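To start, the structure itself, in structure tokens.
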Amino acid sequence: MYEIGHFIGGKKVAGTSGRTANVYNPATGEVQATVALANDADLQAAIDSALSAQPKWAATNPQRRARVFMKFVELLNQNMDELAVLISREHGKTVEDSKGDVIRGLEVCEFVIGIPHLMKSEFTEGAGPNIDMYSIRQPVGIGAGITPFNFPGMIPMWMFAPAIACGNAFILKPSERDPSLPIRLAELMIEAGLPAGILNVVNGDKGAVDGILAHPDIAAVSFVGSTPIARYVYGTAAANGKRAQCFGGAKNHMIIMPDADLDQAANALMGAGYGSAGERCMAISVAVPVGEETANRLIDKLTPMIESLRIGPYTDDKADMGPVVTKEAQARILSLIDKGVEEGANLVVDGRGFKLQGYEDGYFVGGCLFDNVTPDMEIYKTEIFGPVLSVVRAKNYEEALDLPMKHEYGNGVAIYTRDGDAARDFASRINIGMVGVNVPIPVPLAYHSFGGWKSSSFGDLNQHGTDSIKFWTRTKTITSRWPSGIKDGAEFVMPTMK
Ligand code: NAD
């Protein structure tokens, strides 16, 4: 058993609330740690430390701020194995998959090493007689991030790296399911040269989130998690006068055209549907083969692949996927599968009874495949967030396109085809934020931006890329005039450029 507190003022501290939550090993079902749940006093301590450190950090020149991230990236690489295990033992995913979690965050840290360039201003010489006009970007002050369990490395780094590089202080409220890695990241940021107080980690549940949303000293909030909470955080933050970007759930479709390479499509569906036990916001959970023949061939290819998935604890380095995160998540997934059967979908591969010898109390769910799913079914409408793939058969391209177009969520989507016309038409017409053409998980790289449409995202600026620089800074526009030699009297009309 170990105890996880908070990280405030450059060091680990214990919580003062007396409230804790259990942290489980999803492979065994054992409680392996407790995590402190912050109260207002813990949050205030973090804010006090952020308030006292932030002005000096904002005044530190951007090249020096960038150097902290250079060193941090080096430390992430040096400690990669340890960091991945910290994630896997609380999240349950395989160690290789956890390395991907760290690396996708590290890439955003690499991106913000360009902060001197990214924060350069706009300047207009001679905007009027002897007038110059320029716009600068200044940090918002204190930013906060509230993150989900499924990427305890990547998503915190997507938030704190651009926020801190822009000169802000940051309060991170990670998921209480797997809180160890974020604390370790904060330690490594200090080792990389970040002044104490600039990155604070406050663990907690709804109480800590509500504290953040109500606090007058927090200027901007970034949230990633499920849609109902994203909607709540967005509304509350905005009502309290904060800038907010909130990313929610997903139901990502893959359209498989009759001309697609079906081996490639089936392999892509395996990785995107079952990798990380389907607990990715960019997981493919709906396959839409076009035409009966494509559908039949796809099901024939997928069935044996799903039946032979290797499922194991993170210590099994040959496992394709691990358990799901909690007993509640396991129960929810299993009940949704039952519901799909009740609704009349054809459960071609049934993973409900999966048990792993020696890990009988682990939160495992075997890979499941549903065929003949229809849009009115609960398993189609709801984000299952488990290793369950639903096949919805479409007669033609237009019918296939219509499915993701009409779905509530709009995070990611993919099309598999060799037809450039179809792919181009699809990418242009689809109302979804991230599109893959023969790419199953089109998570944009750090220098582009990440974000969905519809109920997958609330707010107008995305994560990472240049959007993140805009989100974590405010624009100030300065008009300056040096009127030497000009004699002008009082002007009472609105100044214009007429
Ligand atoms: P979650 O919504 O349960 O939790 C996310 C965060 O909100 C956590 O820090 C949690 O402590 C906090 N929280 C939970 N309940 C709250 C409440 N009632 N009030 C205030 N705060 C609360 O999500 P999760 O289960 O940790 O993560 C899975 C979800 O996240 C999935 O829906 C997935 O699609 C989504 N997700 C989205 C993206 C994206 O970029 N769109 C990325 C990753 C995950």
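Output the residues belonging to segment 230-246 that are closer than 24 Å to I8 by Cβ and either among the hydrophobic types (A, V, I, L, M, F, W, C) or open to solvent by less than 10 Å² (accessible area, probe 1.4 Å) (or both).
Correct list: V233, A237, A244.
Search segment 193-207 for residues that are more than 17 Å from Q63 (Cα to Cα) and touching a residue at least 24 places away in the same chain (Cβ under 8 Å) and pair each with any residue that is more than 16 Å from the ligand (Cβ to nearest atom) and part of a loop (DSSP other than H, G, I, E, B) when their beta-carbon atoms are under 7 Å apart and the residues are at least 6 apart or on different chains.
As it stands, the answer is A196/G9; A196/G10; G197/G9; G197/G10, since those pairs meet every condition given.
Only one of these is within 10 Å of the ligand (Cβ to nearest atom) and in the same structural domain as V286 (by TED's automatic domain parsing): G433, G451. Name it.
So the residue among G433, G451 that is within 10 Å of the ligand (Cβ to nearest atom) and in the same structural domain as V286 (by TED's automatic domain parsing) is G433.
How do the pairs read when you match residues in segment 447-466 that are hydroxyl-bearing (S, T, Y) with residues anywhere that are within 11 Å of the ligand (Cβ to nearest atom) and open to solvent by 20 Å² or more (accessible area, probe 1.4 Å), using Cβ under 6 Å and keeping only pairs 6 or more apart or on different chains?
Close Cβ pairs (under 6 Å, with a partner that is within 11 Å of the ligand (Cβ to nearest atom) and open to solvent by 20 Å² or more (accessible area, probe 1.4 Å)) amount to S449/N462; S455/Y409; S456/Y409.
In this structure, does I171 turn out to be buried (at least 20 other Cβ atoms within 10 Å of the Cβ), in the same structural domain as E74 (by TED's automatic domain parsing) and more than 10 Å from the ligand (Cβ to nearest atom)? Spell out how you get there, then give the answer.
Details: buried (at least 20 other Cβ atoms within 10 Å of the Cβ): yes; in the same structural domain as E74 (by TED's automatic domain parsing): yes; more than 10 Å from the ligand (Cβ to nearest atom): yes.
In short, yes.
Output the number of residues of segment 400-415 satisfying the condition of being more than 11 Å from A287 (Cα to Cα), in contact (Cβ under 8 Å) with a residue 24 or more places away in the chain and open to solvent by 10 Å² or more (accessible area, probe 1.4 Å). So that I can check it myself, show each step before the final result.
Of the residues in segment 400-415, the ones more than 11 Å from A287 (Cα to Cα) are 401-402, 405-412.
If we keep only those that are in contact (Cβ under 8 Å) with a residue 24 or more places away in the chain too, we end up with 401, 405-412.
In the following step, the residues that additionally are open to solvent by 10 Å² or more (accessible area, probe 1.4 Å) were identified as 405-409.
Result for segment 400-415: 5.
Looking at (1) open to solvent by 20 Å² or more (accessible area, probe 1.4 Å); (2) within 16 Å of the ligand (Cβ to nearest atom); (3) not polar (S, T, N, Q), which is the one condition that is false for A219?
(2)
Give the residue that is nearest to K93 (Cα to Cα), with candidates limited to residues of segment 187-216 that are away from the ligand (no atom under 16 Å from the Cβ) and among the aliphatic types (A, V, I, L, M).
L188
Answer yes or no: is there a residue in segment 302-312 that is closer than 30 Å to D425 by Cα, open to solvent by less than 10 Å² (accessible area, probe 1.4 Å) and outside any loop (DSSP other than H, G, I, E, B).
Within segment 302-312, the subset closer than 30 Å to D425 by Cα is 302.
Then drop every residue that is not open to solvent by less than 10 Å² (accessible area, probe 1.4 Å), which leaves 302.
Pick out the ones that are also outside any loop (DSSP other than H, G, I, E, B) and you get 302.
Looking for residues that are closer than 30 Å to D425 by Cα, open to solvent by less than 10 Å² (accessible area, probe 1.4 Å) and outside any loop (DSSP other than H, G, I, E, B), one finds at least one in segment 302-312, hence yes.
List every residue pair whose Cβ atoms sit under 6 Å apart, with the two residues 6 or more apart in sequence or on different chains, where the first one lies in segment 329-340 and is on the phi < 0 side of the Ramachandran plot and in contact (Cβ under 8 Å) with a residue 24 or more places away in the chain and the second, anywhere, is open to solvent by 20 Å² or more (accessible area, probe 1.4 Å) and not in a helix (DSSP H, G or I).
Within 6 Å, the pairs are L334/R352; I337/R352.
From I155, I115, grab the single residue that is within 16 Å of the ligand (Cβ to nearest atom), touching a residue at least 24 places away in the same chain (Cβ under 8 Å), touching a Pro at 6+ places or on another chain (Cβ under 7 Å) and of a type in the set (V, I, T).
Matching residue, one of I155, I115: I155.
The values are calculated or read from the model by the stated rules, or taken from the named source; none is laboratory data. Please read these numbers as outputs of a predicted model, since none were measured by experiment. Neighbour counts are summed over all protein chains in view; Cβ atoms, including those assigned to glycine, are modelled from backbone coordinates with ideal geometry. These accessible areas exclude ligands, DNA and RNA; they are computed on the full protein's heavy atoms, side chains included. Shrake-Rupley method; radii C 1.70, N 1.55, O 1.52, S 1.80 Å.
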